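Okay, so here's the structure we're looking at.
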Amino acid sequence: SECGPGGSQSRAVWCSHSEGWTTLHSNCDQTERPDNQQSCFRVCDWHKDLYDWQLGAWNQCVPVSMRSAGVQRPAVCTRAEEGIQTREVGCVQKANGEPAEDTICEYFEPKPRLEQACLIPCPQDCVVSEFSPWTTCSKSCRTGLQNRIRFVLAPPLFGGAACLNLTEFQTCQPGPCEGEESLYSLRVGPWGPCSVPLPRQARQAETPPRDSDKPPRDSDNVHKDDDKLSKESDKQSREGDKPSRQGDKWLREGDKRSREGEKRSKEGAKPDRPNRKPGRPNIKPDRPSRQADRSKQQKKVKNKEKREKMRERARERLRERGKVRDPETKELIKKKRNRNRQNRPGGKFWDVQIGYQTREVTCVHKSGNTEALSLCSQETLPVTFQACVMTKDCDVTDWSEWSSCSKECYDSNGPMGERTRTRQVSQFPIGGGAECPELEEKEPCSPQGDGVPPCIT
């Protein structure tokens, strides 16, 4: 066959003695004779568009000490432990994903690696607070119960130890009962699952509508229409009063002008003083006002100089920030800031949500029947709810675009380059949630295109 399936391969099969010399075929067991022919797939260049490697997801990181018999795991974790993770890689048809022989894909590019190194961070155990003081005994006489609680300060991470019991109980005996023994006793159930309280809007949606929320009656609509008509009539009357108000305003302005004219005529009728020199204005210099003007001008000049200094400092800071840095240094600073921002426990990547859990407390008769809690009123009721940490799985972003190939020239027979893609953690696991998957992926690549130069060996 020229291309594709349907070809055949043959090989020689003979019968040999245990000492190495060839003998007749009849001396060997014919049922165990291997095949001397098999079908084969002849690969051609145009098969590159039909077949490709399919890469599976990386499995969980396994410590090297668990794969090697002679290596022992350290008793105390002081730094991240080296591990290995594996994945499945196979040759498939691009059209339907059907598996094919690896030799077809290996004809065009080598099989991608099945293993890679990884790091396992040290586990962080759950940290809880100290216990609160014991509550008062649930009974005033004979044997009762009292409890104490504690809270989660830091949830477990990276496979650390789970949080210990947050509530403890113990029996208490305040003393013997003086009167008749009570027929009822409290029974405390287990804590329920951790849940988040409903928001206020959801709670309001569940409550039935009040009388004020009911639709208005027809009579109410009639009253509202009457009120609307009365408001419109008042508005029109106010608009009608506007011209009269404007007329009153003009009359007042006319009276003001007439009074000013009378004042000028009176001043003009006054006789001049004999000792006043002609042509000299009757204006005395106002020294305090001149001094005030001078101080205002000086203040304006000082404020202007202050603003100029502030602008000069701002320009200096911009020049300092705009200094050219090495691109590699910029990239290192950017990565360090992102890493510090992600690993900060108080950041958005550590969204710890506090919920609550409840338990049932019932009043039980001596016969075993459940009765109303009011019958156990002589006892102190234990707490029926407490705070807890909501479990959250790790959440990551989508894969980034593939980076450019590390190899910049084309060589069909030489080693291939490598390209990578990454994704970021948007939510770290909290409270025993699912761990984060692999954040970096690599695959072999070879640059192609008309502008790619050949490799010079």
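Using C-alpha pairs under 8 Å with a sequence gap of at least 6, the mean separation divided by the residue count of segment 96-181 gives a relative contact order of 29 percent. Karplus-derived 3J(HN,Hα) values for segment 146-155, using 6.51 cos²θ - 1.76 cosθ + 1.60 with θ = phi - 60°, are 9, 9, 9, 10, 9, 10, 7, 8, 8, x Hz; glycine and proline are entered as x. In this structure segment 1-72 gives 80 Å² per residue of accessible area when probed at 1.4 Å with all protein chains present.
Accessible-area rank, largest first, for R317, R423: R317, R423, with all protein chains present and a 1.4 angstrom probe. Taking trypsin sites (Lys or Arg not before Pro) across segment 352-417, the ones in a DSSP loop with at most 13 further Cβ atoms lying within 10 angstrom of their Cβ are K366. Rg/Rh, computed from the Cα trace of segment 1-155 with Rh as the Kirkwood radius, has the value 1.37. Relative contact order of segment 394-457: 43 percent, from C-alpha pairs under 8 Å at least 6 residues apart in sequence. Just so you know, the averaged projected area of the alpha carbon convex hull for segment 395-437 sits at 4.2 nm². When the distances between all Cα atoms of segment 69-172 are binned every 10 Å from zero, what whole-number percent does each bin get? The distribution over segment 69-172 is 11, 20, 16, 16, 15, 10, 7, 4, 1, given as percents. On full extension, the segment bounded by S18 and V127 gains 32.2 nm, given 0.36 nm per residue less the C-alpha separation.
Dimensions of segment 101-154 from C-alpha coordinates, computed as largest minus smallest value along each principal axis and given longest first, are 87, 23, 11 Å.
Can you give the FRET efficiency for W402 and N96, using 1/(1 + (r/R0)^6), R0 = 22 Å, r = Cβ-Cβ distance, to the nearest 0.05?
Result of the calculation: an efficiency of 0.35.
For the set K335/K442; K309/K330; K111/K334; K94/K442; K94/K407; K48/K407, the pairs lying more than 23 angstrom apart at their alpha carbons are K309/K330; K111/K334; K94/K407.
What is the extension gain from I354 to R42, computed as 0.36 nm multiplied by their sequence separation minus the C-alpha to C-alpha distance, in nm to one decimal? Each step should come with its number before you reach the end.
Working: separation 312, 0.36 × 312 = 112.32 nm, distance 6.26 nm.
Result: 106.1 nm gained on full extension.
Give the peptides 440-446, 162-168 in descending order of average Cβ contacts within 10 Å, highest first.
Working: 440-446: 16.9, 162-168: 14.7.
Top to bottom by mean Cβ count within 10 Å: 440-446, 162-168.
For C15, nonlocal amide neighbours, meaning residues 5 or more places apart or on other chains whose placed amide H falls under 5 Å from its own, are T23. Near the amide H of Y410, within less than 5 Å, lie the amide hydrogens of C455, all on another chain or at least 5 residues away, with H placed in the peptide plane. Label zone (S412, point 7 Å along Cα-to-C-beta; backbone nitrogen cut-off 20 Å) within segment 43-69: 43-53.
Near L145, the amide H atoms lying under 5 Å from its own belong to S138, K139, C172; only residues 5 or more places off or on other chains count, and H is placed 1.01 Å from N. Dipole magnitude for segment 1-51: computed about the Cα centre from +1 point charges on Lys and Arg Cβ and -1 point charges on Asp and Glu Cβ, it is near 80 debye.
To two decimal places, what compactness ratio does segment 355-400 give when its Cα radius of gyration is scaled by 2.2 N^0.38 Å?
2.16
Shown in residue order for segment 59-64 are the 3J(HN,Hα) couplings computed by the Karplus curve 6.51 cos²θ - 1.76 cosθ + 1.60 at θ = phi - 60°: 6, 5, 5, 10, x, 5 Hz (x for Gly and Pro).
The values are calculated or read from the model by the stated rules, or taken from the named source; none is laboratory data. As the structure is a computational prediction, the values presented were derived from the model and not from experiment. For neighbour counting, all protein chains shown are included, and Cβ atoms are generated from backbone atoms with ideal geometry for every residue, glycine included. For the accessible areas, the whole protein counts, side chains as well, though only heavy atoms, and no ligand, DNA or RNA atoms are used. Shrake-Rupley method; radii C 1.70, N 1.55, O 1.52, S 1.80 Å.
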